[in-house]
Amino acid sequence: MNSSEKEITKKELSETNEKSSTEINSTETTGSLEPDAPQETSPTNKPPQNQQNHNAICDDQEENLLEDKSVLRELDDIRDKYLRTLAEMDNLRKRNAKERSEILKYQGEKILADLLEVVDNLELALKHAEADPESLREGVKMIHKLFVDTLAKWEVVCESAIGAKLDPSKHEALGKVPKEGVASGTILEEHKKYYRYKDKALRIGQVLVAE
């Protein structure tokens, strides 16, 4: 091999080495620019979704249970108040029934006490029956007035009907008597007078009327 051929060969080897070095550098540079592969994230302490749902359900159930207990307490209070009210009403009813029974049993007590004064005066008049007839007459008149006043005190009123027209709701006609100048049905005599207690008839009168 002559000298010129040797020089060409060295030149070719030098170019080949430079080319290889360039390709290696290019490969290294390209590799460093490639994007990083995605990295796996490390797991956290967050519970799974099913566990979260279960916890939420448990919380709701516990809250509902507390509400139910509160409602039951309120119902117990209402029931106790209701039972106490019933007991009080029953006691009141019994007390009123007892008071009403006593009132009905002794309702004439005060009236009878007032009538005792009339009896006392009658007994006094009987003791003096041998006295002057005129004095006895005046005594009887006083007793009669006392008796009538006592009845009026208790709203027992006597209504005299002499000269009035017969009222069938107040009087019973025992008979008819001829009487000139008097309209038919006019009351002439009273055998029993008409009495009323407050606004109610206590006794119907018995009368004679004109024909």
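The values are calculated or read from the model by the stated rules, or taken from the named source; none is laboratory data. A quick note: this is a predicted structure, and the numbers were derived from the prediction, not measured. In this analysis, Cβ positions are derived from the backbone assuming ideal geometry, glycine residues included, and neighbour counts consider all displayed protein chains.
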Original post:
What number goes with the only condition from (1) surrounded by fewer than 16 Cβ atoms within 10 Å (Cβ to Cβ); (2) small (Gly, Ala, Ser); (3) over 57 Å from the mean Cα position of the chain (by Cα) that Gly139 does not pass?
Top reply: (1)
Original post:
Among all residue pairs at least 6 apart or on different chains, which show Cβ distances below 6 Å where the first residue, located in segment 109-129, is modelled with pLDDT under 85 and the second is assigned to a helix (DSSP H, G or I)?
Top reply: Ala125/Gly139
Original post:
On the given criteria, is Gly163 exposed (fewer than 14 other Cβ atoms within 10 Å of the Cβ) and at positive phi?
Top reply: yes
**OP:** For residues that are farther than 25 Å from His191 by Cβ and surrounded by 13 or more Cβ atoms within 10 Å (Cβ to Cβ), tally how many sit in segment 118-135.
**Re:** 1
Subject >> Residues of segment 190-211 that turn out to be among the acidic types (Asp, Glu) and in a strand (DSSP E or B), as a count >> reply: 1
